[in-house]
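Down below is the structure, laid out as structure tokens.
What follows draws every value from the coordinates through simple rules; no lab data is involved. Please read these numbers as outputs of a predicted model, since none were measured by experiment. Don't worry about glycine lacking a Cβ; one is built from the backbone with ideal geometry, like all the others, and counts go over all protein chains shown.
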Amino acid sequence: MKICCIGAGYVGGPTMAMIAKQCPEIPVHVVDLNQARIDAWNSDQLPIYEPGLHEVVMEARGRNLTFSTQVDAAIEEADMVFISVNTPTKTYGIGAGRAANLEFVEKCARQIARCSSGHKIVVEKSTLPVRTAQAVKRILSSEATNLTFDVLSNPEFLAEGTAVEDLLDPDRVLIGGESQQAIDALCDVYAKWIPRERILTTNLWSSELSKLTANAFLAQRVSSINAISALCEATGADVDEVARAIGTDSRIGPKFLKSSIGFGGSCFQKDILNLVYLCEHFGLPEVAAYWEQVVIMNDHQKQRFSERIVKTMFNTVSDKKIGIWGFAFKKDTNDTRESAAIYICRDLLRERARLTIYDPRVPVEQIRAELTYACTDSNGQISDADRHMIENNIEVVDDCYAAADQAHAIAVLTEWDEFKELDFQRVHDTMLRPAFLFDGRNLLDRESMESIGFEVHAIGKSSQKPRAED
Ligand code: NAD
Ligand code: UGA
């Protein structure tokens with residue numbers, strides 16, 4: 001058995017590194033068109049930051065794990081080919097802004113057909129609209145001459161920041177397919193380290209749809225608790241207390257109830273929009289509207305937070321310095337795709353604030369690129385005002401203290417653990433008064449921050465202390 005994986009990204013890289021680590025007898029070849037990314041996988045500076053990933057890659061790389069740009073050769077040699085390429089939201093034409101762009105997946109299918117002979121198992125690892133396997137099968141059968149194949153759906157459920165843990169000890173592995181022999185071959189790979197009872201098998205369409213559904217349910221929990229956070233701020237209830245109270249009901253459960261500035265990441269929004277598009281396509285507009293509300297609520301949560309900052313700071317942040325702590329979409333990753341921080345920073349820049357940004361893992365070029373992209377309209381244009389702000393009103397610094405120095409306010413946008421360990425008296429001493437602290441992750445202990453002198457505004461917590469007579 002030889003494995004090839006097309007796509008060396010956040011999923012292809014870690015997933016294949018784990019398979020190679022756990023199955024030393026299986027050669028695993030990960031290929032990508034992006035030479036810089038492959039070079040990074042072959043270096044000591046891996047292209048993605050994930051706790052524990054470096055060790056996993058070092059154990060297998062050079063033994064049975066290879067990274068290269070030799071796509072054709074890798075496909076040709078493999079018995080099992082994983083497709084793990086990006087499936088972003090389409091930005092043009094039919095379904096723009098909603099449907100998944102399947103261009104890269106289709107190109108992979110054509111390439112597999114072109115350079116294969118004998119029998120191959122083609123595994124959809126990318127997240128795909130339900131019934132994509134039908135298209136993959138048609139391409140393979142119409143383009144290939146000397147090839148027989150089976151198509152499996154094996155969606156990935158890892159979360160960034162905990163990818164290694166999730167891959168080592170997943171709640172379940174899902175395999176959808178038609179051929180029992182092909183399903184068994186993939187089950188045998190995972191069974192090297194995952195108990196058989198956690199390997200679920202279904203038909204192809206259930207597997208494809210389960211991945212979109214899992215992300216929709218997870219994102220829905222975040223939007224639900226964020227909707228309640230707005231009501232908490234208005235009434236004096238505390239969203240963390242409400243989350244604890246409802247989460248102890250075993251039917252609801254405690255996970256994914258952390259109120260925040262809104263979910264980010266490359267997948268929740270894209271996958272829900274894809275689900276919305278599919279529902280519309282299948283003539284189910286009410287179902288589409290139901291799921292779309294999860295994304296609408298998420299946009300509202302981001303906007304509500306930047307508006308709260310402006311309103312609290314006497315209705316103007318123009319020429320005021322705001323220290324931004326964290327830019328990644330969650331802790332323990334360098335990924336900034338769809339990070340809520342992008343939109344909050346953009347809104348504050350448009351209010352003419354000066355931002356001093358610190359994130360332990362995100363480099364300055366990436367921050368500028370994300371903000372530029374967020375300010376670019378659908379015709380690819382960016383206004384002079386936005387360009388000016390991005391060039392002149394952002395400074396990226398090396399630590400939280402520098403971000404807070406002489407600042408009117410601090411906004412915590414990512415829940416990095418190191419932000420909890422600071423000398424807050426020192427932070428407070430260098431800030432202007434009142435020293436506003438906007439905690440977008442409810443990360444810091446409000447009472448101790450207030451005792452130092454910060455004016456704290458947290459998510460889902462009323463800014464006014466409740467009075468007995470209220
Ligand atoms: P990514 O953008 O990090 O990586 C995709 C890689 O595929 C890129 O490096 C790109 O250069 C490469 N690629 C594209 N077309 C190619 C081709 N024809 N030949 C060779 N290489 C090609 O994307 P990702 O975050 O790894 O996501 C991949 C898929 O997995 C998506 O469908 C996503 O929805 C899904 N997914 C992602 C996560 C996550 O945490 N990021 C989790 C579960 C599932
Ligand atoms: C998510 C899913 O958790 C994975 O199972 C899935 O494989 C992946 O999407 C995918 O398909 O890409 P990921 O986006 O990496 O993983 O990270 P999450 O931990 O789910 O966080 C997503 C966003 O929601 C983050 O911005 C996070 O801060 C936010 N979040 C999460 C909250 O605001 N509150 C919570 O309680 C949980």
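Against the longest alpha carbon principal axis of the chain, how many degrees, from 0 to 90 and to the nearest 10, is the axis of helix 204-235 turned?
For helix 204-235, the angle is close to 0 degrees.
Show me, bin by bin at 5 Å from 0, the whole-percent P(r) of the stretch 276-379 based on Cα pairs.
Per 5 Å bin, starting at 0, the Cα pair percentages come out as 2, 11, 18, 18, 17, 14, 9, 6, 4, 1, 0.
With every atom except the alpha carbons ignored, what do you get for Rg and Dmax of the stretch 38-88, in angstroms?
Here Rg and the maximum Cα pair distance are 12.5, 33 Å.
Given N residues in the stretch 240-458, what is Rg(Cα) / (2.2 N^0.38 Å)?
Numbers: Rg = 18.3 Å, N = 219, 2.2 N^0.38 = 17.1 Å.
The reported ratio for this selection is 1.07.
Counting only helical runs of four or more DSSP H residues, what would the 222 nm mean residue ellipticity of the chain come to if each run contributes -39,500 (n - 2.57) and the total is spread over all its residues?
About -13500 deg cm²/dmol.
Which FRET efficiency value, to the nearest 0.05, is calculated for Ser463 and Asp399 with the Förster distance at 30 angstrom and r the Cβ-Cβ distance? Write out the running numbers ahead of the final one.
Details: r = 28 Å, r/R0 = 0.93.
The calculated FRET efficiency here is 0.60.
Give me the Kirkwood hydrodynamic radius of the stretch 192-338 in Å, from all C-alpha pairs, to one decimal place?
Details: mean 1/r = 0.0560 Å⁻¹.
Roughly 17.8 Å, rounded to one decimal.
As a test, work out the antiparallel percent of DSSP beta bridges whose residues both lie in the chain, rounded to the nearest 5. Intermediate values should be presented prior to the final figure.
Working: 3 of 51 bridges.
Bridges in the chain that DSSP calls antiparallel: roughly 5 percent.
Using a 10 Å cut-off around each Cβ, can you sort Arg354, Arg251 from fewest to most neighbouring Cβ atoms? Don't jump to the answer; show the numbers that get you there.
Working: Arg354 19, Arg251 5.
Sorted ascending by nearby Cβ count, the order is Arg251, Arg354.
How big, in percent, is the set of alpha carbon pairs in the chain lying more than 33 Å apart?
Working: 46289 of 110215 pairs.
That fraction is 42 percent.
Order these by the 10 Å Cβ neighbour count, fewest first: Ile139, Ile309, Ile322.
Numbers: Ile139 18, Ile309 22, Ile322 26.
In order of increasing Cβ crowding within 10 Å: Ile139, Ile309, Ile322.
According to a simple spin-label model (label point 7 Å from Cα along Cα-to-Cβ), what is the distance in nm between Thr202 and Lys255?
The modelled label-to-label distance comes out at 1.6 nm.
How fast does the stretch 126-232 diffuse by Stokes-Einstein, in µm²/s, taking the Kirkwood radius from C-alpha pairs at 4 °C and 1.567 mPa s?
Numbers: Rh = 15.8 Å.
Stokes-Einstein gives a translational diffusion coefficient of 82 µm²/s.
Any chance you could run the full-extension gain for Asp171 through Ser117? It's 0.36 nm times the residue separation minus the Cα-Cα distance, nm to one decimal.
On the way: separation 54, 0.36 × 54 = 19.44 nm, distance 3.56 nm.
That works out to 15.9 nm of additional length.
Once the mean 1/r over all distinct Cα pairs of the stretch 3-202 is inverted, what Kirkwood radius in angstroms do you read off?
Details: mean 1/r = 0.0585 Å⁻¹.
Value: 17.1 Å, from the Cα pair sum.
In nm, what is the difference between 0.36 nm times the number of residues separating Ala96 and Gln70 and their Cα-Cα distance?
On the way: separation 26, 0.36 × 26 = 9.36 nm, distance 3.23 nm.
Full extension from Ala96 to Gln70 adds 6.1 nm.
Pairs Lys125/Lys330; Lys107/Lys137; Lys2/Lys125; Lys21/Lys211; Lys302/Lys461: which exceed 21 Å Cα-Cα? Provide the component values of the computation, followed by the final result.
On the way: Lys125/Lys330 23 Å; Lys107/Lys137 13 Å; Lys2/Lys125 17 Å; Lys21/Lys211 25 Å; Lys302/Lys461 16 Å.
From Lys125/Lys330; Lys107/Lys137; Lys2/Lys125; Lys21/Lys211; Lys302/Lys461, over 21 Å: Lys125/Lys330; Lys21/Lys211.
Determine, for Lys330, Lys21, Lys192, the number of other Cβ atoms within 10 Å of each Cβ, and report the residues in order from fewest to most.
On the way: Lys330 21, Lys21 24, Lys192 13.
The most exposed by this proxy come first: Lys192, Lys330, Lys21.
Loop sites only, by DSSP: take the GluC sites (Glu not before Pro) in the chain that have at most 10 other C-beta atoms within 10 Å and name the longest stretch containing none of them. Before the final figure, lay out the partial values.
Working: sites that count: Glu25, Glu469.
Counting at most 10 other Cβ atoms within 10 Å as exposed, the longest clean stretch of the chain is 26-468.
Calculate the length of the line joining the C-alpha centroid of the stretch 85-152 to that of the stretch 451-465, in whole Å.
For the stretch 85-152 versus the stretch 451-465, the Cα centre distance is 51 Å.
If I model the stretch 1-84 as equal point scatterers sitting on the Cα atoms and use the Debye formula, what is log10 I(q)/I(0) at q = 0.15, 0.17, 0.21, 0.24 Å⁻¹?
-0.43, -0.56, -0.88, -1.17
Once you put a point 7 Å from the Cα of Thr312 and another 7 Å from the Cα of Glu455, both along the Cβ direction, what distance in nm separates them?
0.9 nm
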